[in-house]
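Taking it in order: structure first as structure tokens, then the write-up.
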Amino acid sequence: MDGNLITALRQNHALEHATVSLLTKKLGLNARMLGKATFDGFYIYGNVPTEAIREAATEGLARLQSGERELAISPFCGTNIVVAGIMAALACLLVLGGKSRRRRLPLAMLAATWAIVASQPIGRAVQKHVTTSSTLSNLQIERITRRGVGTRILHKIETAGGQGSQSENRASLG
């Protein structure tokens, strides 16, 4: 896969995290929403006012561009779940690798629990170095569109201009 596409996805993932973090602070923890990064922006799923998303995305972008890199890391990111699952599975495999599995089940449960606890800082590190990029110097928000009815609402936040922007991707893929 093209490196520019991966960079664009990582940048948009960082901006998605910053946006959701700022929305959560503004609307409270009871605000139900979910984000998903794409190559050309990100989605916010949830019945959230469009203007609140616009303000949070604009502020998040400005703060990331001014060096607040911690906004790119989220405790609610799916990366954390994947890292925890992999580490718990590996811990169980190590413990249950022998013949006497009945006796090892409590030890496997303890190992999986330890792995999940240990995975938290590792998940944050994977976000920081692999799944997000807080270097957004040229990224800009192009447009925000709202779709859906009732409580089934999604917003698409389209971005451009970052390393790996859509126009650059077309040139490199065409």
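The values are calculated or read from the model by the stated rules, or taken from the named source; none is laboratory data. Because the structure is a prediction, the values reported are computed rather than measured. Here the Cβ is made from the backbone with ideal geometry for all residues, glycine too, and neighbour counts use every protein chain on show.
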What is the one condition in (1) surrounded by 13 or more Cβ atoms within 10 Å (Cβ to Cβ); (2) without any contact (Cβ under 8 Å) to a residue 12 or more places away in the chain that VAL126 does not satisfy?
(2)
Go through region 91-149 and give me each residue that's in a helix (DSSP H, G or I) and of a type in the set (Lys, Arg).
ARG101, ARG102, ARG103, ARG104, ARG124, LYS128
Inter-residue pairs, beta-carbon under 8 Å, first assigned by TED's automatic domain parsing to the domain that holds ASN12 and modelled with pLDDT of 85 or more and in region 151-174, second in a helix (DSSP H, G or I) and among the polar types (S, T, N, Q), 6+ apart:
HIS155/THR50; ILE157/THR19; THR159/GLN11; THR159/ASN12; ALA160/GLN166; ALA160/SER167
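Here are LEU29, LEU71: which of them is assigned to a helix (DSSP H, G or I), closer than 30 Å to ILE153 by Cβ and under 19 Å from the mean Cα position of the chain (by Cα)?
Residue meeting the stated conditions: LEU71.
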Restricting to region 118-150, and then to whatever is touching a helix residue (DSSP H, G or I) at 6+ places or on another chain (Cβ under 8 Å) and small (Gly, Ala, Ser), can you tell me which residue is modelled with the lowest pLDDT?
SER137
I'm checking my understanding of the structure. Among residues of region 66-83 that are out of contact with any Gly (no Cβ under 8 Å at 6 or more places or on another chain) and among the hydroxyl-bearing types (Ser, Thr, Tyr), which one is farthest from SER137 (Cα to Cα)?
SER74
Restricting attention to region 84-106, does a residue exist that is modelled with pLDDT of 95 or more and under 18 Å from ARG143 (Cβ atoms)?
no
For region 64-83, how many residues are more than 11 Å from GLY123 (Cβ to Cβ) and at pLDDT below 95?
0
Within the group ILE81, ILE6, ILE86, which residue is in a helix (DSSP H, G or I), among the aliphatic types (A, V, I, L, M) and within 15 Å of SER134 (Cα to Cα)?
ILE6
